[in-house]
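Scroll down for the structure; my scribbles are underneath it.
The values are calculated or read from the model by the stated rules, or taken from the named source; none is laboratory data. Please read all numbers here as calculations on a predicted model, not as lab measurements. Heads up, the Cβs are rebuilt from the backbone with ideal geometry, glycines too, and the neighbour counts pull from every protein chain shown.
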Amino acid sequence: MSQSPGLLRRLLRAKDRMDRTSHEEWSIHRLAWVSAVSAAHFARSFKEAFGIPPHRYLLTRRIERAIALLRDTDLPITEIALQTGWKSLGTFGRIFRDVTGESPGSLRVRERSTPYEREHVPECSVRAANRPDLKIAVSEKRREKIVGKTELQSTEVL
Amino acid sequence: MTQGIDVVGLYVRDQDEALDFYVAKLGFHVHTDVRNGDYRWLTVQSPEQPSFQLGLFKPGPPVHDAATAQTLHEVVAKGAMPPLVYVVDNCHAVYERLSALGVEFTQEPIDRYGTVDAGFRDPSGNGWKVIQVIARPHSPRSQ
């Protein structure tokens with residue numbers, strides 16, 4: 001279904017705001033306010049426009065940023081978890097593994113041992129290219145892995 | 001030079017609005033502004049780059065049918081057009097100046113190995129990266 005370009009431009013503004021400060025808390029109400037639409041309308045419109053629910057999009061941006069910090073800095077993993085918007089190291093580690101398939105520590109070791117040729121590509125484009133592709137919900141992804149086991153529900157408020 | 005890229009165009013939602021943005025805010029000059037009925041060929045140039053024109057084109061008749069024009073407007077508005085790069089001498093200064101003019105920045109200047117970059121959008125939704133190269137961008141790990 002076609003969406004009005006005016007609405008899309010305002011939804012893009014909410015997406016840009018999540019990109020800019022993905023470590024902040026982005027409630028549906030706050031995002032809807034940025035887009036100047038009702039909270040009820042926002043989540044549905046955002047998913048229709050960008051193919052992913054707003055909170056899942058935020059999650060991919062946080063993980064993307066965490067990956068960059070693991071790769072480019074010597075910050076402790078706890079500090080990276082805090083800087084990228086998680087309240088607990090446990091939740092960060094669990095969601096990070098669910099999304100990327102490995103722990104933050106092992107990703108750091110692997111990323112650092114891999115040289116890359118990317119001087120001529122703008123940094124933000126490199127990051128976008130490496131963004132985790134989260135087509136399904138994290139809980140769904142987890143469920144696929146541990147069928148039959150008790151599901152661990154994330155209590156993190158995104 | 002006799003061969004090379006002369007004009008590359010962007011789709012914009014409103015050419016008057018785009019003209020105001022690229023000329024009054026970014027400081028580009030108008031190169032060509034010609035109308036023929038509904039059609040308007042509008043190009044601008046960065047003052048220091050006279051060999052290149054940036055076209056500011058509005059999807060619609062006579063080039064596009066209504067449905068195609070609508071699709072193009074949607075694609076631009078959701079920021080799905082390719083990234084554009086604006087090279088500057090001083091990224092922080094450009095950020096300060098354009099922010100004061102109300103330009104919608106998507107990223108504040110960030111210093112990374114040998115470069116400073118920021119990001120903004122034009123009113124239509126086209127995304128620009130602003131890049132200042134300070135030194136040869138060699139990170140220790142990319143050698």
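If residue B:39 meets every condition in (1) within 30 Å of residue A:123 (Cβ to Cβ); (2) surrounded by 13 or more Cβ atoms within 10 Å (Cβ to Cβ); (3) hydroxyl-bearing (Ser, Thr, Tyr) apart from one, which number is that one?
Of the numbered conditions (1) within 30 Å of residue A:123 (Cβ to Cβ); (2) surrounded by 13 or more Cβ atoms within 10 Å (Cβ to Cβ); (3) hydroxyl-bearing (Ser, Thr, Tyr), the odd one out for residue B:39 is (1).
Quickly run through segment B:37-96 and pick out the residues that are assigned to a helix (DSSP H, G or I) and not aliphatic (A, V, I, L, M).
Within segment B:37-96, the first condition is being assigned to a helix (DSSP H, G or I), and the residues that meet it are B:66-77, B:91-96.
Result: B:68, B:70, B:71, B:73, B:74, B:91, B:92, B:95, B:96.
Let me confirm something: among B:84, B:98, B:72, which residue is at pLDDT 95 or above, surrounded by 13 or more Cβ atoms within 10 Å (Cβ to Cβ) and in contact with a helix residue (DSSP H, G or I) (Cβ under 7 Å, 6 or more places away or on another chain)?
Working: B:84 fails: in contact with a helix residue (DSSP H, G or I) (Cβ under 7 Å, 6 or more places away or on another chain); B:72 fails: in contact with a helix residue (DSSP H, G or I) (Cβ under 7 Å, 6 or more places away or on another chain).
So the residue among B:84, B:98, B:72 that is at pLDDT 95 or above, surrounded by 13 or more Cβ atoms within 10 Å (Cβ to Cβ) and in contact with a helix residue (DSSP H, G or I) (Cβ under 7 Å, 6 or more places away or on another chain) is B:98.
For segment A:19-51, which positions are surrounded by fewer than 20 Cβ atoms within 10 Å (Cβ to Cβ), part of a helix (DSSP H, G or I) and of a type in the set (A, V, I, L, M)?
A:28, A:34, A:39, A:40, A:43
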